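Here is the structure we will look at.
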Amino acid sequence: MVSPLRSTLIALSKSTRMQDLIVGMPISRRMARRFVAGETLPDAIDAIRASNATGLLATLDFLGEHVHSQAEASVNADEYIRALLAIRQAGVDANISIKLTAMGLAVDDDFCYRNVRRIVEVAALLGNFVRIDMEDTPVTDRTLAIYRRLRGDFPNVGVVIQAYLYRSQEDVRSLMDQGMAHLRLCKGAYDEPPAVAFQAKAEVDQNMTDLIRLMLESQDKFPGAYPAVASHDHRIINWVKAYTHHHGIAADRFEFQMLYGIRRDLQQELADQGYRMRVYIPYGTRWYPYFMRRLAERPANLLFFMRALVGG
């Protein structure tokens, strides 16, 4: 079951009062650097370059979700365009990930679509790729609708599907049927109710492997289907390795993805074994919600933070 502590931390990730308190603590900023590459684009490019040097690919995320004005959303889109140009100029191997609530989804769906489209257009010109992140269920349908509009014109865009949602198998099948299944598959990081999401870890894990199997088994029928397995769970990763080996599935037909600062040893191990391993590298000054979700995911992260806070 979802723990009360996890629910509390996710709720606190949306609290502006707590954000002001946590962000103002020097120890919090130091702790956040474990999960966030830095506050500036050069910091992020340096982190990508370091990852590439050891055989790791990257996806870059400019932090700043839940904006409520066209001006803020436009600034975020401008930053992503700068990031795409910086990636090209630096010659590093990275694509980008965006959240639609950072692109103006709270303002208007059509505005959000147009704002994201200009990023995707630049990425297409540069030969790069844009991943649309999935957020909590109030925006799932709207996120997929905007993704489908974009994907109709641009093949260089993908989306995220969360395994803890009951609906995810239907979403994956539909996207495969439409030739739009370039998907990051993850377990899910938000606090969702039993009406829409599995609550037990075993059920989420089972659905995750079911989704991965569904995509891998369907690649001959749907050649564009490409799963990116986003998990730090060694049991999920070992299952994928065993399944693909047993069925003779080449390593270039899928990839693993993990978060910056988490299981670096396992990330390197996978890269050294010849798998495509992509690191999700966030940057920016608005790191608080992302940081709180990382604490919610693993009690060890929170314990480490509390010890540092008391000791600091």
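The values are calculated or read from the model by the stated rules, or taken from the named source; none is laboratory data. Treat the numbers as computed from the prediction; the structure is a model and nothing was measured. Quick reminder, even Gly has a Cβ in these numbers, built from the backbone with ideal geometry, and neighbours come from all protein chains shown.
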For the range 246-262, name all the residues that are of a type in the set (S, T, N, Q) and free of Cβ contacts under 8 Å to residues at least 40 places away in the same chain.
none
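Please pick out the residue among Arg142, Arg88, Arg131 that is in contact (Cβ under 8 Å) with a residue 60 or more places away in the chain and not small (Gly, Ala, Ser). Quick ask: steps written out before the conclusion?
Details: Arg142 fails: in contact (Cβ under 8 Å) with a residue 60 or more places away in the chain; Arg88 fails: in contact (Cβ under 8 Å) with a residue 60 or more places away in the chain.
Of the residues listed, the single one that is in contact (Cβ under 8 Å) with a residue 60 or more places away in the chain and not small (Gly, Ala, Ser) is Arg131.
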If we take the range 190-273, then helices (runs of 4 or more DSSP H) inside it with 1 or more residues that are under 19 Å from Gln162 (Cα atoms) and within 21 Å of the chain's Cα centre (by Cα) are 201-217, 234-246
Filter the range 250-301 for residues that are at pLDDT 95 or above and among the β-branched types (Val, Ile, Thr); the one that is farthest from Leu57 (Cα to Cα) is Ile281
For the range 55-73, give me each residue that is crowded, with 18+ Cβ neighbours inside 10 Å and of a type in the set (Gly, Ala, Ser).
Ala58, Gly64, Ala73
Looking at Ser7, Ser28, can you tell me which residue is modelled with pLDDT under 90, in a helix (DSSP H, G or I) and either under 30 Å from Arg118 (Cβ atoms) or in contact with an Asp or Glu (Cβ under 9 Å, 6 or more places away or on another chain) (or both)?
Ser7
When residues of the range 166-185 are filtered for being under 18 Å from the mean Cα position of the chain (by Cα), more than 22 Å from Ala124 (Cβ to Cβ) and either polar (S, T, N, Q) or surrounded by fewer than 22 Cβ atoms within 10 Å (Cβ to Cβ) (or both), how many remain?
2
Residue in the range 102-115 that is in contact with a Phe, Trp or Tyr (Cβ under 7 Å, 6 or more places away or on another chain) and farther than 28 Å from Val75 by Cα present
no
Per the list (1) farther than 21 Å from Arg278 by Cα; (2) among the basic types (Lys, Arg); (3) modelled with pLDDT of 95 or more, residue check on Arg49 breaks on (1)
